[in-house]
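**Q** Take a look at the following structure, please.
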Amino acid sequence: MIPRLQEKYNREILPALAEELGRKNRLSLPRLQKIVINMGVGSAIQEKKHLEQAVDSLTQISGQKPIITLARKSVAGFRLREGMPIGCKVTLRRQRMFEFIDRLVSIALPRVRDFRGVNPKAFDGRGNYSLGLSEQLVFPELNPDKFLRVQGMDISFVTSAHNDDEGRLLLRKLGIPFRASDAAV
């Protein structure tokens, strides 16, 4: 079964992008390649249970099992040794990626307190976009009674766009609600 956002992407968004960018070749248009969701769990150094809860919540949010990320360097000030588990991440592609964007835009982001849109300047110069959520409980699939500890996450949208303007155009067409520019406020 094809997700509804993927159908909309193929039927409406790709032709609109081709028209706006003035390109006829469908393969030259910017497209979303993957979404990476990352949870850094610094408290996992003392409490192993915190990392297990983060893995469980990320599994429920993404629909696939995350990998555990390990520390690359030892930092004495944080009591961190190289190779210690300190987070988890998951990479979404194809159908799961489109389903996640649909849930993020239509359900999770509107549940964020005082939400006025995401920052339109958080691009990396190559069309990729990153945003952070301070609380994982904005996703309705998580039971608030089970996940008592507030855990944030970073979400990175990796696109094939050549610059930030093309990436912004693609994400806006996919429904990401960018905040109005600061000049208009």
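**Q** Kindly write out, for region 144-156 in residue order, the coupling ³J(HN,Hα) from the Karplus curve 6.51 cos²θ - 1.76 cosθ + 1.60 (θ = phi - 60°), rounded to whole Hz, with x marking Gly and Pro.
**A** Karplus values, whole Hz, x for Gly and Pro: x, 6, 7, 9, 7, 7, 6, 9, x, 7, 10, 10, 10.
**Q** Continuing with the same structure: To the nearest whole percent, what portion of all C-alpha pairs in region 32-158 is separated by more than 19 angstrom?
**A** In whole percent, the long-distance tail amounts to 51.
**Q** Tell me, what is the FRET efficiency for residue 28 and residue 179 to the nearest 0.05, using R0 = 22 angstrom and their Cβ-Cβ distance as r?
**A** FRET efficiency, residue 28 to residue 179: 0.15.
**Q** Please order 129, 9 by the number of other Cβ within 10 Å, starting at the fewest.
**A** The order, fewest Cβ neighbours first, is 9, 129.
**Q** Using modelled amide H (1.01 Å from N, peptide plane; none on Pro or chain starts), what sits under 5 Å from the amide H of residue 34, excluding residues fewer than 5 places away?
**A** Result for residue 34 returns 158.
**Q** A further question follows. Relative contact order, percent, of region 32-158 when contacts are C-alpha pairs under 8 Å separated by at least 6 residues?
**A** It rounds to 33 percent for region 32-158.
**Q** Go ahead and estimate [θ] at 222 nm for the chain from helices alone: -39,500 (n - 2.57) per DSSP H run with n ≥ 4, summed, over the residue count, rounded to 500.
**A** -7500 deg cm²/dmol
**Q** Output the 0 to 90 degree angle, nearest 10, between the alpha-carbon long axis of helix 48-62 and the longest principal axis computed from the alpha carbons of the chain.
**A** 20
**Q** Output the 0 to 90 degree angle, nearest 10, between the alpha-carbon long axis of helix 164-174 and the longest principal axis computed from the alpha carbons of the chain.
**A** It works out to around 90 degrees.
**Q** Which of these, 62, 106, 74, has the largest mean-square fluctuation under a Gaussian network model of the chain (Cα springs below 10 Å)?
**A** 74
**Q** For helix 94-103, what angle does its Cα long axis make with the longest principal axis of the chain, in degrees from 0 to 90 and rounded to 10?
**A** 80
**Q** Number of Lys-Lys pairs in the chain under 16 Å by Cα, sequence gap 8 or more or different chains?
**A** Eligible lysine pairs with Cα atoms under 16 Å apart amount to 5.
**Q** Based on Cβ point charges of +1 for Lys and Arg and -1 for Asp and Glu, what charge dipole magnitude is obtained for region 32-158 about its Cα centre, in debye rounded to the nearest 20?
**A** For region 32-158, the charge dipole is close to 340 debye.
Only the coordinates and a few stated rules stand behind these numbers; no lab work does. Predicted, not measured: the structure shown is a model, and the values here were computed from it. Neighbour counts run over all protein chains shown; Cβ positions are idealised from the backbone, glycine included.
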